[in-house]
1. Please tell me if Glu162 is out of contact with any His (no Cβ under 6 Å at 6 or more places or on another chain) and part of a strand (DSSP E or B).
2. Scan the stretch 12-31 and report the pairs whose first residue is touching a residue at least 24 places away in the same chain (Cβ under 8 Å) and under 16 Å from Asn111 (Cα atoms) and whose second residue is basic (Lys, Arg) and outside any helix (DSSP H, G or I), with Cβ atoms within less than 9 Å and a gap of 6+ or a chain change.
3. Say we look at the stretch 91-130 and pick out the residues that are of a type outside the set (Phe, Trp, Tyr), in a strand (DSSP E or B) and touching a helix residue (DSSP H, G or I) at 6+ places or on another chain (Cβ under 6 Å); which of these is nearest to Ala32 (Cα to Cα)?
4. Just to check your reading of the model, which residue among Phe142, Phe135 is in contact (Cβ under 8 Å) with a residue 24 or more places away in the chain, over 14 Å from Tyr158 (Cβ atoms), touching a helix residue (DSSP H, G or I) at 6+ places or on another chain (Cβ under 7 Å) and not β-branched (Val, Ile, Thr)?
5. Which residues, taken from the stretch 103-140, are surrounded by fewer than 18 Cβ atoms within 10 Å (Cβ to Cβ), modelled with pLDDT of 95 or more and either of a type in the set (Ser, Thr, Tyr) or more than 15 Å from the chain's Cα centre (by Cα) (or both)?
6. What's the total number of residues in the stretch 145-155 that are buried (at least 21 other Cβ atoms within 10 Å of the Cβ) and without any contact (Cβ under 8 Å) to a residue 24 or more places away in the chain?
7. Being within 16 Å of Pro144 (Cβ to Cβ), part of a helix (DSSP H, G or I) and either basic (Lys, Arg) or modelled with pLDDT under 95 (or both): is that true of Arg82 here?
8. For residues that are under 18 Å from Val137 (Cα atoms) and either exposed (fewer than 14 other Cβ atoms within 10 Å of the Cβ) or among the polar types (S, T, N, Q) (or both), scanning just the stretch 22-66, find the one that is modelled with the lowest pLDDT.
Amino acid sequence: MAKTRTAYGNNEVITTLAFLDVCDAHVSELFAYWNDRRAGRVMPLRTDIDPADFPRHLPGIVLVDVRWDQPLDFIYRLIGTREVEARGFDPTRRRVVGNWIGSNEERVLNNYRFVATKNSYLYDYDPFGTKDGHFLVDESLFLPLSFDGARVDQILVYSHYEDLWRKAML
């Protein structure tokens, strides 16, 4: 049975396992990997995650450092090639503020804040237009990682895009 967006609308943030009913298979595969690695804990340790275990997802991976200074801040540590291409530049070592991609900055920052402060995953379905006139549908999965098992120190994000402009041209 094909998955459908109708249950959650066309622009949705989901913080329960209900996202597995509507997300792309690539997204659910990475969630299954993360869920397996957390082994019953709230979140896995960063050392539990080995990028060699999910090579086909690497172009869509973003790893963000959580800075617990006041105010809470987020810094891009690693950016996959598809993420660099979607932005048109490489934001590695830059703050998420001003270097994000999505429908609006506050939404993006709220996703990171939720994951960091709630120690929980988040799924974001976000259709938006790019600066070059393309219309993308972005499914992003935000996954918390910890160095000590208690506090979120990094957030692993996987984004799966569908370029509706290119699709219409085919």
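The values are calculated or read from the model by the stated rules, or taken from the named source; none is laboratory data. Fair warning: this is a prediction, and the values are worked out from it, not measured in the lab. Here Cβ is always computed from backbone atoms with ideal geometry, including for glycine, and neighbour counts include all displayed protein chains.
1. Yes; evaluated as a whole, the condition is true for this residue.
2. The qualifying pairs are Glu12/Arg5.
3. Leu122
4. Being in contact (Cβ under 8 Å) with a residue 24 or more places away in the chain, over 14 Å from Tyr158 (Cβ atoms), touching a helix residue (DSSP H, G or I) at 6+ places or on another chain (Cβ under 7 Å) and not β-branched (Val, Ile, Thr) holds for just one of Phe142, Phe135, which is Phe135.
5. Listed by number, the residues that qualify are Thr117, Lys118, Ser120.
6. Residues meeting the conditions: 0.
7. It is false that Arg82 is within 16 Å of Pro144 (Cβ to Cβ), part of a helix (DSSP H, G or I) and either basic (Lys, Arg) or modelled with pLDDT under 95 (or both).
8. Ala25
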